[in-house]
Amino acid sequence: MHALGIDIGGSGIKAAPVDVATGKLLAERQKIPTPRPALPDAVADVVKQLTTSFSWSGQVGITFPGVVTDGEIRTAANLDPAWIGTDAGALFGKAAGNPVRVLNDADAAGVAEMTFGAGVGENGTVLMLTFGTGIGSALFTQGVLVPNTEFGHIEIHGTDAEKRASERAKELHDLSWGKWAGRVDEYLQQMEALLSPHLIIVGGGVSKEADKWVPRLTGIRARIAPAALLNNAGIVGAAMAATTSGVPDTSGATGTGH
């Protein structure tokens, strides 16, 4: 079965059709910068552009960087407060002109990694973390997702962890790989103290350069593995959600909005 996966991030919105049986992209992914300000109608217009660019007709899965419950956006730390309370299922369904399902972005990436990537065969506690504009999280126990965890917002030194240890924080403060890895290491130690995971999967845009920072993470007892799907995990997980392929339905499926 095929579905279109759309991954909304703080800096870019990516999409590609996916074979959900294999996790493979069926065409080269397309990316459009996230509008500024990232208001609902502006982001919905990008969803429409991407759906149209693939001449897509069929199921569409869409990730969102915040808490999503029954298709409604509950938090939007890295987009715009106007999202809070928005029925994203209805909004995106109308924009895409196809049935859509909306879910948290890190949850989507985590499901993809557990099915096709670094988490395959892992039955213990697994924590997936995506480092980008913020820090997204997905928690699994015995292979089952605990949705909408949002662990990027735990406090370290009196501020959200993602303001210190996200990829954006690295760029904003012009941190070397060593200094940034030290901040990530400190954050992971906090997460390990809370959850005692067997495996931590690190993803997001910075995962493609994992060799520059993952070996510097020395304060963690859990195994650490870079995301095998790199920054495509969200797209794959979104497509899986569209077909309900192993993804808990916390999103609220919707029609086309017509």
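The values are calculated or read from the model by the stated rules, or taken from the named source; none is laboratory data. Keep in mind the model is a prediction, meaning the values are calculated, not measured. With ideal geometry, Cβ positions are generated from the backbone for all residues, glycine too; neighbour counts draw on all protein chains shown. For accessibility, only protein heavy atoms count, side chains too; no ligands or nucleic acids. Shrake-Rupley method; radii C 1.70, N 1.55, O 1.52, S 1.80 Å.
Computed about its Cα centre, the charge dipole of segment 65-183 is approximately 200 debye, with only Lys, Arg, Asp and Glu carrying charge at their Cβ. Annotation: average projected area of the chain is 12.2 square nanometres, based on the convex hull of Cα atoms across all directions.
How many percent of all Cα-Cα pairs in segment 1-149 sit more than 26 Å apart?
Here the long-distance tail beyond 26 Å is 21 percent of all Cα pairs in segment 1-149.
Think of each Lys and Arg Cβ as +1 and each Asp and Glu Cβ as -1; about the Cα centre, that makes the dipole of the chain roughly 460 debye.
Summarising the label geometry, the points placed 7 Å from Cα in the beta-carbon direction at Lys208 and Glu186 lie 2.9 nm from one another. The angle between the Cα long axis of helix 105-116 and the longest principal axis of the Cα atoms of the chain comes to about 80 degrees, rounded to the nearest 10. When the helices of the chain are scored as -39500 (n - 2.57) per DSSP H run of n ≥ 4 and the total is divided over every residue, the value at 222 nm lands at -8500 deg cm²/dmol.
Accessible surface ranking for Leu39, Leu195, 1.4 angstrom probe, highest first: Leu39, Leu195. When nucleic acids and ligands are ignored and a 1.4 Å probe is applied, Asp160 ends up with an accessible area of around 40 Å². Among the listed pairs Lys48/Lys208; Lys94/Lys212; Lys24/Lys48; Lys94/Lys170, those with a Cα-Cα distance over 32 Å are Lys94/Lys212; Lys94/Lys170.
Taking all protein chains into account, the per residue accessible area for segment 1-44 stands at 45 Å² (1.4 Å probe).
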